[in-house]
Structures are given as structure tokens and as C-alpha cells.
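Structure record follows, encoded as C-alpha cells.
Nothing in this text is a laboratory measurement; each read-out follows from the coordinates by a stated rule. Computed from a predicted structure; not experimentally measured. Positions of Cβ are generated from backbone atoms using ideal geometry, with glycine treated the same way; all protein chains shown enter the neighbour counts.
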């Protein structure tokens, strides 16, 4: 396992990375463990032109944990528990990797969530001012 200390703005994160399969990694960030697949790594690489704060706050690497390979291409999950404060998408809109999806408030801190997949929104499964759970579906895409 490789260990890193990453600083974003004035905040430090302890990160540990371990390859568990040729296309899967375990990533531990401040004692929270996430499994990351090649699809998520490719999505992150697509975002390299997006500013660093979006990438660090873009926890989409965790959004699709627990989905089948096909579902990962058609749905996105919440990276945290909280309250949806605002949504930026609606059914019929085209979305790309890195586009803002919503703002979730957790522990008095607002986090902007960005898309990890490309497509056209089929169903928006969240609404403003409603609670959301970790790994709850945010939206689905048209097939």
C-alpha cells in the first residue's frame, strides 16, 4: 500500500492506495475506504482540465460502488449522507463528466457534486431540501 499526504487549499488528506485487481484499487482517504475501478479512473482522467478544487470535491470515485458494470454507465450514486440543497440537472438534459449535479449539505458543510458519467438524464431521483443517503441514486441516464 502506498501512502500520500495531499493538500487541497488549506486542508490535508491522508491517502493510502492499494491495487487489489488489475483494474481495481482500494483508496483510503482519512479512514474512509473506497474501491475504485478503471471506469472511475478514466472518468477522473477526463476531468484533468477541471480545476483542482472540483476534482478533490468530486467524490464520484465513490458514487458507483455497489453498482453492476452496466449500471455504472447509467446511474450515479451519492458520495455522502446529507440534505440536497440544490440540483443543477433535470430530465432531458445532456450531462458530461465534471458537470455539476447538485449541492449536498453534510455537517454544516456544502459539497458540490460533479458527474462521473456522460449521457442524457432520464430520471432525476433527488429534490432540493430532502435528505439523501450514502450510495443513494442521484440520477439515471437514458439507454
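For the stretch 107-143, which positions are in a loop (DSSP other than H, G, I, E, B), within 12 Å of the chain's Cα centre (by Cα) and surrounded by 18 or more Cβ atoms within 10 Å (Cβ to Cβ)? Result: 115, 116, 117.
Figure legend. Inter-residue proximity from the stretch 7-18: first residues touching a residue at least 12 places away in the same chain (Cβ under 8 Å), second residues surrounded by 12 or more Cβ atoms within 10 Å (Cβ to Cβ) and not in a strand (DSSP E or B), beta-carbon distance below 6 Å, spacing 6+ or different chains. Indicated pairs: 8/56.
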